[in-house]
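Undergrad: Okay, here's the structure, questions in a sec.
The values are calculated or read from the model by the stated rules, or taken from the named source; none is laboratory data. Model, not experiment: these values are computed from the prediction. Methodologically, a virtual Cβ is constructed for each residue, glycine included, from the backbone with ideal geometry; neighbour enumeration extends over all protein chains shown. Please note that ligands, DNA and RNA were not included when accessible areas were found on the heavy atoms of the full protein model with its side chains. Shrake-Rupley method; radii C 1.70, N 1.55, O 1.52, S 1.80 Å.
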Amino acid sequence: DTYYFPKNTHPGIVIKTMVENFWKHWRKYEKIAKKQGKSLKEVITLASIVEKEALFDREKPIIAAVYLNRLKRGMPLQADPTINYALKEFRRLTYKDYYSVNSPYNTYLNPGLPPTPICNPGEASIKAVLFPTKVKY
């Protein structure tokens with residue numbers, strides 16, 4: 001979501017507003033996630049990767065489906081945004097980056113999801129993880 005705050009708003013107010021908004025949105029999807037056997041952490045962590053990977057909301061269900069299929073098959077996620085997160089900068093990656101970044105966030109080297117979300121995902125990314133497109137790839 002987009003938030004508007006006066007210039008000198010205390011950071012605690014910003015955080016409180018964002019957290020309250022998150023829980024308001026999450027309540028709409030909590031039962032669906034539970035029915036699918038997905039935890040809050042799993043949904044939000046994968047949604048954060050989808051958020052950073054996609055340019056447009058319409059791409060998100062396809063991207064989520066690819067990652068979910070990889071997880072289901074025991075394949076590495078191989079998600080570039082997780083390496084950018086480990087590097088603490090978002091830039092074009094090189095082949096060397098994929099296999100030299102020693103971090104639990106490197107999803108080329110480490111199986112499964114990274115330890116935490118890499119950003120605050122929007123509702124479209126959360127929905128994409130819970131309602132992915134049906135694809136074989």
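Undergrad: What is the range 1-127's relative contact order, in percent, from Cα pairs under 8 angstrom and six or more apart in sequence?
TA: 31
Undergrad: His10 versus Trp26, label points 7 Å from Cα toward the beta carbon: distance in nm?
TA: Simple spin-label model gives 2.3 nm for this pair.
Undergrad: Related question: If you average the C-alpha positions of the range 1-57 and of the range 72-96 separately, how far apart do those two centres end up, in angstrom?
TA: The range 1-57 and the range 72-96 have Cα centres separated by 22 Å.
Undergrad: I'd like to know which of Ser39, Pro104, Ser125 lies farthest towards the positive end of the charge dipole of the chain, counting +1 on Cβ of Lys and Arg and -1 on Cβ of Asp and Glu.
TA: Ser39
Undergrad: Here's something else I'd like to know. Over 23 Å between Cα atoms: which of Lys7/Lys41; Lys28/Lys72; Lys96/Lys134; Lys60/Lys136 fall into that group?
TA: Table pairs above 23 Å Cα-Cα are Lys7/Lys41; Lys28/Lys72; Lys96/Lys134.
Undergrad: Oh, and also: Heavy atoms of the protein only, probe of 1.4 Å, neighbouring chains included. What is the accessible area of Tyr67 in Å², nearest 10?
TA: Taking all protein chains as shown, Tyr67 has close to 10 Å².
Undergrad: While we're on this one: Given charges of +1 on the Cβ of Lys and Arg and -1 on the Cβ of Asp and Glu, with all other atoms neutral, how large is the dipole of the chain about its Cα centre, in debye to the nearest 20?
TA: The dipole magnitude comes to about 460 debye.
Undergrad: Given the whole protein assembly as supplied and a 1.4 Å probe, what does the accessible area of Val135 come to in Å², nearest 10?
TA: 30
Undergrad: Just grab the label-to-label distance for Lys88 and Arg58, each label 7 Å out from Cα along the Cβ direction, in nm (one decimal).
TA: 3.9
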